[in-house]
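A quick write-up on the structure given underneath.
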Amino acid sequence: MKQKLSLRERKKLIFRQKILDAAALQFERKGFSETSIADIMNAAKLGVGTFYNYFESKEELLLALLEDIAYKVESAVMEGLGKKLSSLKLLEIAGKLMSQLLDENRFVLPLFLSASEHSDKPDSIPTRKYTPIFKPIFEIILNKGQTDGEIRSDVPADLIAEMFHSIYQAASFSKLNIPFRENVELKFRILIDGIKVTNKFEES
């Protein structure tokens, strides 16, 4: 049985979400480097001091926004695993959802990648926090696919996961006249064709 949150805990969650929502809006409008903590808190209609009850810096907040996206994708993958979907179908689900969420929040990925260059407190956040947080999601799917014989096993799963992860970075900075989601989808299709075991899986 789930334990009910206290009024104070619920209030903290509400305030945290208000800050995240306000930050996303300000980053989208003004850009990461031009948005101040005061801008975020004014948009959230909260005092500036309240910010530090939840985040150490803008970079910490940016990471939380990216982690929210990763959590939604991971939840979709876990749901698919529960339904016993194939690994190739899971890759399709994860790829499309991730590209949708990143397309709707385009400031997140490139700003995340450059966050250390604009850090308010460069020593306050461990470097390990800036490692790719989508890669483990792909590793789960790929390990399953290799075990089930749907995905070729002559290449390490973590290397393939790194390739999937890099697709979003490449699409974010692409100069091609192709929309972000289509760019990702085309790259995904090529990579999936290269890793699937021929004739092992056919999706209706």
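The values are calculated or read from the model by the stated rules, or taken from the named source; none is laboratory data. Predicted model, so just to flag it, every value in this text is computed and none were measured. Every residue, glycine among them, receives a Cβ derived from its backbone with ideal geometry; neighbour counts consider all protein chains shown. We work out accessible area using only protein heavy atoms, side chains counted, and drop any ligands, DNA or RNA first. Shrake-Rupley method; radii C 1.70, N 1.55, O 1.52, S 1.80 Å.
Okay, here's what the table says:
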item: Selection status of Ser124, over 20 Å from the mean Cα position of the chain (by Cα), among the polar types (S, T, N, Q), part of a loop (DSSP other than H, G, I, E, B) and modelled with pLDDT of 50 or more; result: no
item: Some residue of the stretch 165-174 being open to solvent by 40 Å² or more (accessible area, probe 1.4 Å) and at pLDDT 85 or above; result: yes
item: Scan of the stretch 127-158 for residues that are part of a helix (DSSP H, G or I), modelled with pLDDT of 95 or more and surrounded by fewer than 14 Cβ atoms within 10 Å (Cβ to Cβ), ordered by number; result: Thr147
item: Criterion (assigned to a helix (DSSP H, G or I), open to solvent by 90 Å² or more (accessible area, probe 1.4 Å) and touching a helix residue (DSSP H, G or I) at 6+ places or on another chain (Cβ under 9 Å)) met by exactly one of Lys18, Lys72, Lys12; result: Lys72
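Yes or no, residue by residue, for (1) touching a residue at least 12 places away in the same chain (Cβ under 8 Å); (2) over 30 Å from Thr198 (Cα atoms); (3) surrounded by 13 or more Cβ atoms within 10 Å (Cβ to Cβ); (4) in contact with a strand residue (DSSP E or B) (Cβ under 9 Å, 6 or more places away or on another chain):
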site	(1), (2), (3), (4)
Ala24	yes, yes, yes, no
Ala38	no, yes, no, no
Tyr52	no, yes, no, no
Ala64	yes, yes, yes, no
Leu85	no, no, yes, no
Leu88	yes, no, yes, yes
Ile93	yes, no, yes, no
